[in-house]
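Undergrad: Input: one structure, supplied below.
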Number of protein chains: 2
Amino acid sequence: MTSLTTLPADQLAERLTALRADYEDLRAKSLKLDLTRGKPGADQLDLSEGLLGLPTSHKDRSGTDVRNYGGLEGLAEMREIFADLLGVDAGDVIAGGNSSLTMMYQVVTWLLSHGGPDSPRPWSQEETVKFVCPVPGYDRHFTMLAELGIEMVTVPMHEDGPDVAAVRALVADDAQVKGMWLVPTYANPTGAVTSTEVAAELMAMPTAAPDFRILWDNAYAVHHLTDVETKSADALGLASASGHPNRPIMFASTSKITFAGAGVAALAASTDNTAWYLKRLSYAAIGPDKVNQLRHVEFFGDADGVRAHMRKHRDLIAPKFSAVQDALGARLDGLGIATWSKPIGGYFVDLNVLDGTASRVVQLAKEAGIALTPAGSAFPHSNDPDDRNIRLAPTFPSLGEVETAMAGVAVCVELAAVESLAAG
Amino acid sequence: MTSLTTLPADQLAERLTALRADYEDLRAKSLKLDLTRGKPGADQLDLSEGLLGLPTSHKDRSGTDVRNYGGLEGLAEMREIFADLLGVDAGDVIAGGNSSLTMMYQVVTWLLSHGGPDSPRPWSQEETVKFVCPVPGYDRHFTMLAELGIEMVTVPMHEDGPDVAAVRALVADDAQVKGMWLVPTYANPTGAVTSTEVAAELMAMPTAAPDFRILWDNAYAVHHLTDVETKSADALGLASASGHPNRPIMFASTSKITFAGAGVAALAASTDNTAWYLKRLSYAAIGPDKVNQLRHVEFFGDADGVRAHMRKHRDLIAPKFSAVQDALGARLDGLGIATWSKPIGGYFVDLNVLDGTASRVVQLAKEAGIALTPAGSAFPHSNDPDDRNIRLAPTFPSLGEVETAMAGVAVCVELAAVESLAAG
């Protein structure tokens with residue numbers, strides 16, 4: 001196909017007429033489809049139905065009654081499973097409640113209210129606190145920082161992780177730059193995997209702030225879409241080796257492994273960081289839901305049980321990701337108006353449309369009954385300076401719905417582009 | 001018996017000798033008993049064993065898949081059960097995770113970081129923030145405030161609730177006094193029940209701070225020890241009627257109803273307060289564990305199911321509370337050296353020993369293998385100015401252990417008193 005960006009005006013006008021007809025056909029279908037959030041489908045949740053009859057015991061390996069109070073750090077056997085999956089020591093893992101987002105929020109708020117183990121003072125006593133945010137990124141990371149009054153400075157996210165040179169430049173001299181978000185494996189939304197080389201540089205780079213933190217949100221560590229089971233970079237080991245053991249704080253959960261609302265979350269970090277976290281937590285909680293942790297331990301047995309389980313997820317969702325590729329490729333390949341990621345893991349496809357048309361695409365889709373994540377939501381303050389990024393989340397709808405929705409999205413992408421090009 | 005406080009010196013010396021012999025007999029038993037925390041016994045936890053096979057469905061009444069993300073406010077049917085138990089509207093209830101302590105912590109930290117709906121500014125921007133703390137009270141309430149840099153000013157806790165005149169005097173002119181703790185029903189540790197009259201005064205009293213909050217921790221609302229099923233004062237209704245609808249924020253949980261570590265917590269408050277709470281929460285969480293909420297809904301059916309369940313708890317623990325009364329009465333009645341509460345609900349017996357001897361009693365007990373809550377822990381910064389208060393928690397040990405432990409505690413109380421009196 002010919003790139004639309006070089007079409008003469010009369011041909012653009014023709015194309016616009018044809019596309020408007022396609023779009024009216026799409027609207028006539030009165031669709032009601034939703035590609036907004038990275039939610040597991042009901043068939044994925046069914047994979048964990050066995051959890052509902054567990055646990056069969058109410059004592060953990062140490063003989064502790066999991067039904068009673070206590071045990072802030074979580075069950076040893078649950079921590080071991082996370083440790084194996086994340087490539088860290090079980091002693092560095094804390095197994096918590098149902099939300100890793102909550103653990104991230106706790107960490108940021110406690111850094112603000114108390115400072116970390118190596119902070120000269122609570123972050124809230126700094127004039128300004130800034131975070132480095134690779135973009136596009138995870139909207140909830142950004143809204144959390146905005147809520148807490150933290151400024152965000154963006155760097156590009158590449159195929160092998162964040163732009164290290166840009167990060168280095170931001171952190172080297174400005175002591176107000178206290179932290180950084182990173183989804184290292186199958187990033188939300190680009191699918192990028194941070195390489196060991198990039199991770200090593202991030203852990204070793206000089207920072208003006210002595211208490212710089214990388215919030216390493218490994219939400220998709222084991223969420224492979226192919227038989228390439230990518231191993232995450234060893235953040236804790238790299239940080240320790242370069243003399244910055246307290247820099248990374250790692251997060252993960254079983255939200256997209258078992259039940260999205262009723263899984264188990266975890267945090268992994270240096271001894272100083274975990275002691276600091278548990279000390280703060282001790283004023284806010286008596287212990288996590290250990291019954292739910294034991295439920296998960298009995299269900300999986302061990303980390304290999306989790307890995308086997310993830311292959312069942314892959315079998316269910318890989319076809320949906322293929323359908324996204326097929327629909328976008330069928331309509332948009334070669335038109336020069338869109339690029340999109342081909343992730344081998346995670347929950348999203350990252351679509352970049354013609355500059356200045358993302359909002360229009362989302363609006364057109366909405367009017368055709370296809371809900372997309374709002375344009376710009378992968379950027380701090382929802383501000384995509386190029387208005388071109390759209391996050392697609394194909395797991396929750398059925399395969400047929402994904403096919404229908406994505407064919408529709410492709411029409412909207414092309415229509416918005418041609419509208420824009422025709423307008424000159 | 002004669003009061004020991006008026007015994008002549010020679011008789012005191014004799015008594016001391018006899019008591020030392022009793023104490024050596026006690027030590028010779030090499031006990032290992034623990035009356036420190038308000039934890040349910042294993043037999044109490046067994047009452048809820050049926051939870052482990054639930055839920056049988058994975059949809060709530062509205063058809064929502066409880067296994068997936070979302071629903072920050074909790075399941076409607078769970079909120080209705082709490083509403084019935086707490087005497088509030090279901091629309092004013094938020095059903096959360098496994099810990100009401102966590103919800104309290106969230107409320108206090110968000111008042112600090114953002115202020116409430118009627119705050120002129122975030123509390124953290126005030127020079128000083130103070131809380132009124134009825135004493136003796138719950139140690140975790142006080143340690144939380146200390147952690148968050150909030151000053152505590154104490155008022156006496158009476159049989160019908162906090163000393164209202166003392167509270168009024170503290171809040172009337174000092175705008176730095178922003179809040180107050182209260183366990184209204186079967187208070188920790190005194191067992192006091194705040195009367196409707198006292199509650200009405202607390203909700204109506206003028207406060208210098210426009211955003212004064214009463215954190216109404218109704219942890220023991222349905223935890224009756226007799227067939228007198230005391231009804232809690234209607235905090236939200238009284239507050240609303242007196243023009244201060246946002247003053248109270250109520251907390252409760254099923255921690256001492258089902259599983260102490262794996263129950264469901266709740267918050268109830270005005271529309272402004274719940275909207276404010278949910279807004280803040282939306283940056284920290286995607287939703288509570290709805291599977292566990294449905295598990296509880298299926299287990300209880302309705303609020304009457306909870307009430308029937310609580311009668312089974314009563315049958316198990318009322319004998320332990322009687323054993324405490326019997327042991328203390330048998331040794332200490334009439335000696336003029338100790339008084340203790342006779343609670344008709346809750347989890348504690350509050351023991352006041354001879355002034356200046358509580359620490360010594362706890363030490364003596366410890367050396368005899370009986371762990372008691374540290375002296376003073378029912379006061380801010382663990383500072384009991386009279387060194388006389390000891391909290392007894394008889395639910396976790398077996399009945400036989402409570403009998404043995406309390407007989408030992410009574411020896412320690414008398415020994416410490418006579419040591420003190422003999423020393424002049």
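The values are calculated or read from the model by the stated rules, or taken from the named source; none is laboratory data. From a predicted model like this one, the values you see are computed outputs, not experimental measurements. Backbone-built Cβ (ideal geometry, glycine too); neighbour counts: all protein chains shown.
Every residue, every condition in (1) β-branched (Val, Ile, Thr); (2) more than 19 Å from the chain's Cα centre (by Cα); (3) modelled with pLDDT under 95, yes or no:
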residue	(1), (2), (3)
A:Leu294	no, yes, no
A:Val297	yes, yes, no
A:Asp304	no, yes, no
A:Val324	yes, no, no
A:Val362	yes, yes, no
A:Glu367	no, yes, no
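Undergrad: Let me ask you something else. Just to check your reading of the model, which residue among A:Asp350, A:Asp386, A:Asp333 is in contact with a Ser or Thr (Cβ under 6 Å, 6 or more places away or on another chain) and among the charged types (D, E, K, R)?
TA: A:Asp350
Undergrad: Right, something else. Please work out if A:Arg168 is outside any loop (DSSP other than H, G, I, E, B) and among the basic types (Lys, Arg).
TA: Answer is yes for this residue.
Undergrad: Regarding B:Val135, is this residue away from chain A (no Cβ under 14 Å), in contact with a Leu (Cβ under 9 Å, 6 or more places away or on another chain) and of a type in the set (Val, Ile, Thr)?
TA: The answer is no for B:Val135.
Undergrad: Same structure again: Being β-branched (Val, Ile, Thr), surrounded by 21 or more Cβ atoms within 10 Å (Cβ to Cβ) and within 14 Å of chain B (Cβ to nearest Cβ) is the requirement here; does A:Ile150 meet it?
TA: Spelling it out, A:Ile150 is indeed β-branched (Val, Ile, Thr), surrounded by 21 or more Cβ atoms within 10 Å (Cβ to Cβ) and within 14 Å of chain B (Cβ to nearest Cβ).
Undergrad: Of everything in region A:114-132 that's within 14 Å of chain B (Cβ to nearest Cβ) and either assigned to a strand (DSSP E or B) or in contact with a Phe, Trp or Tyr (Cβ under 7 Å, 6 or more places away or on another chain) (or both), which residue is surrounded by the most Cβ atoms within 10 Å (Cβ to Cβ)?
TA: Among those residues, the one meeting the criterion is A:Val129.
Undergrad: Sort out which residues of region B:234-256 are buried (at least 23 other Cβ atoms within 10 Å of the Cβ) and without any contact (Cβ under 8 Å) to a residue 60 or more places away in the chain, and write them in order of number.
TA: B:Ala235, B:Ala239, B:Arg247, B:Pro248, B:Thr254
Undergrad: Please give the number of the condition A:Glu49 fails out of (1) closer than 29 Å to A:Ser398 by Cα; (2) touching a residue at least 12 places away in the same chain (Cβ under 8 Å); (3) not assigned by TED's automatic domain parsing to the domain that holds A:Val413.
TA: Failed condition: (2).
Undergrad: Filter region A:318-361 down to the residues that are of a type in the set (Val, Ile, Thr) and within 28 Å of A:Thr194 (Cβ to Cβ) and list them by number.
TA: A:Val324, A:Thr339, A:Ile344, A:Val349, A:Val353
Undergrad: Any residue in region B:1-17 that's more than 19 Å from B:Ala330 (Cβ to Cβ): show its pairings with residues that are assigned to a loop (DSSP other than H, G, I, E, B) at Cβ separation under 7 Å, as long as the two are six or more apart or on different chains.
TA: Final answer for the pair search is B:Thr5/B:Gly336; B:Thr5/B:Ile337.
Undergrad: Please enumerate the residues belonging to region A:267-292 that are under 25 Å from the mean Cα position of the chain (by Cα) and more than 14 Å from chain B (Cβ to nearest Cβ).
TA: A:Leu267, A:Ala268, A:Ala269, A:Ser270, A:Asn273, A:Thr274
Undergrad: Further question: Which is away from chain A (no Cβ under 13 Å), free of Cβ contacts under 8 Å to residues at least 12 places away in the same chain, under 30 Å from B:Pro319 (Cα atoms) and not polar (S, T, N, Q), of B:Asp227, B:Asp217, B:Asp302?
TA: Within the list B:Asp227, B:Asp217, B:Asp302, the selection yields B:Asp227.
Undergrad: Going by what's in this entry, would B:Ser119 be described as in contact with a helix residue (DSSP H, G or I) (Cβ under 9 Å, 6 or more places away or on another chain), of a type in the set (S, T, N, Q), outside the structural domain of B:Tyr347 (by TED's automatic domain parsing) and within 27 Å of A:Gly50 (Cβ to Cβ)?
TA: Answer is no for this residue.
Per-residue answers, yes or no, for (1) more than 26 Å from B:Phe82 (Cα to Cα); (2) touching a His at 6+ places or on another chain (Cβ under 7 Å); (3) among the β-branched types (Val, Ile, Thr):
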{"site": "B:Trp123", "(1), (2), (3)": "yes, no, no"}
{"site": "B:Pro134", "(1), (2), (3)": "no, no, no"}
{"site": "B:Pro162", "(1), (2), (3)": "no, no, no"}
{"site": "B:Gln176", "(1), (2), (3)": "yes, no, no"}
{"site": "B:Gly179", "(1), (2), (3)": "no, no, no"}
{"site": "B:Pro189", "(1), (2), (3)": "no, no, no"}
{"site": "B:Val193", "(1), (2), (3)": "no, no, yes"}
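Undergrad: Hey, another quick one. Taking region A:35-69, which residues are over 31 Å from the mean Cα position of the chain (by Cα) and of a type in the set (Gly, Ala, Ser)?
TA: Matches in region A:35-69: A:Ser57, A:Ser62, A:Gly63.
Undergrad: Oh, and also: Residues A:Leu372, A:Leu415, A:Leu351, A:Leu392: which one is crowded, with 22+ Cβ neighbours inside 10 Å and over 17 Å from A:Arg37 (Cα atoms)?
TA: A:Leu415
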